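Taking it in order: structure first as structure tokens, then the write-up.
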Amino acid sequence: MASTETGTAAGAAAADEPVAAASPATAEPGGPGGPADLAGLEAGLDALDTTVTDRQPWLRRLGAKAVPPVVAVALVLGLWQLAYHFELKDHYLLPSPVDVARSLQDKWLEGTLLDYVWTSVSRGALGFLASVVIGTPLGLIVARVKPVRAAIGPILSGLQSLPSVAWVPAAIIWFGLSDATIYAVVLLGAVPSIANGLVAGVDQISPLYLRAGRTIGARGLTGVRHVLLPAALPGYLAGLKQGWAFSWRSLMAAELIVNAADLGTGLGQLLEQGRELQDMSWVLSAILLILVVGIGIELLIFAPIERRVLRSRGLLVKS
């Protein structure tokens, strides 16, 4: 009888206690704390981050992109000035940044500075466009025709690693001191790089895309235009960037050696004139112009195209 009363009292006490809340681990999938709520929370955080980014002042974004390179340039100029101050100029004929700036100013006041830049840029652009026209079909043939790839694929890789200046003596023998020599060196330096870039881009295409293209009737040139080239675009663009770099380097090597008065004076020939006069300010100003043009082409042309391509494929978050 006592045992029964004790059990009844215990059951009543248990019934009076509040029910413990369910832990998140035992929550139902569709209920509070489940995967649906977590997904909604992540979406909300992403939307909040996007809103904050969109409302961020454009001046602050510009400063975030412009300040690091400005600081790097200032650091280089400071180290350069320190080297000049500690009399390294006596051992290495090192001019100060002010001397180089004065040399550039003299060329500007003479009215010849833009002519030097335009001569080299026009040659480089024409040589690069010709390299694209030749390298693109060559890369497609090598990428899609196995016997051709086995035959000349290694040759293209070898030509890409060959220094462009090695072609200058042969080009002079073939074409003499003419513009043809300069363009031949540019082509031999850039075409292998563009072709290899396209080959790499084609190799990275999923076979599923190619099968889908054939299923809908995209064959031959139609398949190349609408399936192959768009799918290989990131690798092809990387090859184009590298091809421009090789074009610019090859052009400077050719202009440095092929120095004829009737060809027009480019930046490479300007650099050689400074060497002949033993004028280090002249030499460093020419090197600086070559560097600025190369960086400018990269930032103004290739970088925006690359960002647009990557963003269209979801590979780059808009900032």
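The values are calculated or read from the model by the stated rules, or taken from the named source; none is laboratory data. A quick note: this is a predicted structure, and the numbers were derived from the prediction, not measured. As a convention, Cβ positions derive from the backbone with ideal geometry for all residues, glycine included, and neighbour counts pool all protein chains shown.
At-a-glance table
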item	result
Pair list, Cβ < 8 Å and 6+ apart or interchain, from region 117-142 residues that are more than 13 Å from residue 182 (Cβ to Cβ) to residues that are charged (D, E, K, R) and surrounded by fewer than 24 Cβ atoms within 10 Å (Cβ to Cβ)	142/149
Per-region count, region 112-127, residues under 13 Å from residue 265 (Cβ atoms) and among the small types (Gly, Ala, Ser)	2
Residue in region 189-200 that is surrounded by fewer than 24 Cβ atoms within 10 Å (Cβ to Cβ), free of Cβ contacts under 8 Å to residues at least 40 places away in the same chain, in a helix (DSSP H, G or I) and touching a helix residue (DSSP H, G or I) at 6+ places or on another chain (Cβ under 7 Å) present	yes
Residue satisfying all of: in region 167-185; farther than 16 Å from residue 127 by Cβ and at pLDDT below 85; surrounded by the most Cβ atoms within 10 Å (Cβ to Cβ) among these	177
Neighbours by Cβ (under 6 Å, 6+ apart or cross-chain): first from region 148-163, assigned to a helix (DSSP H, G or I); second among the polar types (S, T, N, Q)	156/196; 160/193; 160/196
Residue within region 91-114 that is part of a helix (DSSP H, G or I), closer than 25 Å to residue 246 by Cα and of a type in the set (A, V, I, L, M) present	yes
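This table checks each residue for (1) closer than 16 Å to residue 280 by Cα; (2) at pLDDT 70 or above.
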| position | (1), (2) |
| --- | --- |
| 46 | no, no |
| 82 | no, yes |
| 89 | yes, no |
| 98 | yes, yes |
| 103 | yes, yes |
| 109 | no, yes |
| 122 | no, yes |
| 133 | no, yes |
